[in-house]
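Here the structure comes first, spelled out in structure tokens, and everything after it is commentary.
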Amino acid sequence: SAAAVAAGWLPAALGSDTGGSLRQPASTCGVVGFKPTYGRVSRHGLIAFASSLDHVGWLTRSVADAALLFDVLAGPDPRDPRALTDAPPRASTPPFPRIPALRLGLLPALIENTSIHPAIARAFSALTERLQSAGATLLDLFPQHLELAGPTYTAISSAEAASNLARYEGLRFGQRAPLSLDEAPTSVEALARHTRSALLGPEVQRRLLLGHSLLSGQTTLANAQHARAHIQKNLDEALTHVDALLTPTTPDTAPPLQDADDPEHHRDRFTLLANLAGLPAISLPLGHDAAGLPFGLQLIGRRGHDARHLAIARALEAFITAP
């Protein structure tokens, strides 16, 4: 979807974002990717991966287009029990803040503990210096427990994925793997094992196995939920001091195809925070490395303030692209 928007084949595309899988393609393709507050856009019709982390968002070539789509797509939906019930304010019409009026938060501890591509580090540093020179207030913030975000996300997403994907056994849901007469299964369990082994990719199988293991012993999952509550509380508190948090969207540019697997969730370091906390987040194009590969800037906003967040993103987009 991100590549199609970047190529100009269409003006916008929907995507689902569980830990950054909308904002990261936006970053590596040089387009805008917006994930709203959890529950602000209905998930009805979405095939669930991790229900408490899944967000429906969209990819566009400008923040203005992202705001127009928000006005069309956001709002209550009785078919999604987790959808917010209030009508959101319009995002395409609010006044856009001036750069000197902005208070933006940085997460130096998170950035310093992440291996970041040199071109991304330089561009991010140069942008923060430009913002300060233009009169914006930048604050270093240190929310606690962010170092637990990776393992917390892995535990919760794997457990919820195992629960959601358990239905795809080739009998009631999902495609059934071909069978020869001499390998006919003797039970539903055998059919499910054959189908999943043949048709599910290694990453999906890995998450299912880990998720079932976590669901069979509730202590680890309970600890992850406890850590998530702390992360959400601390990010909410940090955002009371600033209008938005700034990070790179990804630590690196698009990887070679043979290196696309990321079992340690290194590329999710900056994006999964917004999913764990249910906060609105957007990726804006920031620059290119020496090979011409794009990378982005991420803004994480206050819960429920999607229209304001898009207005801030629009102001920063204009600032980044200004000569």
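Each reported figure results from applying straightforward, stated rules to the coordinates on display, with no laboratory input. Note that this is a predicted model, so its numbers are computed, not measured. A quick note on method: Cβ atoms are made from the backbone with ideal geometry, for glycine too, and the neighbour counts reach across all protein chains shown.
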Least to most buried among R43, R193, by other C-beta atoms within 10 Å and fewest first, runs R193, R43
Just to be sure I understand the curve: with the Debye formula and one point per C-alpha of the chain, what is log10 I(q)/I(0) at q = 0.09, 0.12 Å⁻¹?
-0.48, -0.83
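Summing -39500 (n - 2.57) over the DSSP H runs of n ≥ 4 in the chain and dividing by its residue number, what mean residue ellipticity at 222 nm do you reach, to the nearest 500 deg cm²/dmol?
Here the helix-only value at 222 nm equals -12500 deg cm²/dmol.
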Using a basic spin-label model with each label point 7 Å from the Cα along Cα→Cβ, how many nm lie between E112 and D80?
3.9
Based only on other Cβ atoms within 10 Å, what is the fewest-to-most ordering of I282, I231, I320?
I320, I231, I282
Go ahead and set up a Gaussian network model of the chain, Cα springs under 10 Å, then flag whichever of S16, S27, S115 fluctuates most.
S115
Can you give the translational diffusion coefficient of the range 227-289 in µm²/s, computed by Stokes-Einstein from the Kirkwood radius over Cα pairs at 4 °C and 1.567 mPa s?
96
Computed FRET efficiency, Cβ-Cβ of T186 and S52, R0 35 Å: what is it to the nearest 0.05?
0.45
If one computes the Cα centroid of the range 27-83 and of the range 204-254, what distance in Å separates the two points?
19
Considering Cα pairs under 8 angstrom that are at least six residues apart, work out the relative contact order of the chain and quote it in whole percent.
27
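Once you have a ≥ b ≥ c as the square roots of the Cα gyration tensor eigenvalues for the range 171-298, tell me rounded if a/c is under 1.5, and otherwise prolate or oblate according to whether a/b is larger than b/c.
Taking the square roots of the gyration eigenvalues as a ≥ b ≥ c, the range 171-298 is oblate.
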Return one number: the angle in degrees, 0 to 90 and rounded to the nearest 10, between the long axis of the Cα atoms of helix 202-216 and the longest principal axis of the Cα atoms of the chain.
80
Sequence ranges 74-87, 306-319, ranked by mean other-Cβ count within 10 angstrom, highest first
306-319, 74-87
Pairing the Cα long axis of helix 149-165 with the longest principal axis of the chain, what angle in degrees results, from 0 to 90 and rounded to the nearest 10?
40
Bridge orientation stat for the chain from DSSP, antiparallel percent rounded to 5, came to 75
At q = 0.14, 0.26, 0.28, 0.31 Å⁻¹, what log₁₀ I(q)/I(0) does the range 15-61 have when each alpha carbon counts as one equal point scatterer in the Debye sum?
-0.30, -0.91, -1.01, -1.15
Those residues of the range 9-41 whose amide nitrogen sits under 17 Å from the label point placed on N164, 7 Å along Cα→Cβ
14-24, 35-41
Rounding to the nearest 10 and keeping the result within 0 to 90°, find how far the Cα-based axis of helix 63-73 lies from the longest principal axis of the chain.
50
Grab the beta carbon distance between T219 and H44, set R0 = 30 Å, and tell me the FRET efficiency rounded to 0.05.
0.35
Within a Gaussian network of the chain (alpha carbon springs, distance under 10 Å), most fluctuating of T152, T128, T271
T128
Starting from the Cα of R176, step 7 Å along the direction of its Cβ; do the same at R98; then give the gap between the two resulting points in nm.
6.9
What whole-number distance in Å separates the alpha-carbon centres of the range 276-320 and the range 153-195?
38
Hydrodynamic calc, the range 149-217: Kirkwood Rh from Cα pairs, then Stokes-Einstein at 10 °C with viscosity 1.306 mPa s, so D in µm² s⁻¹ is 124
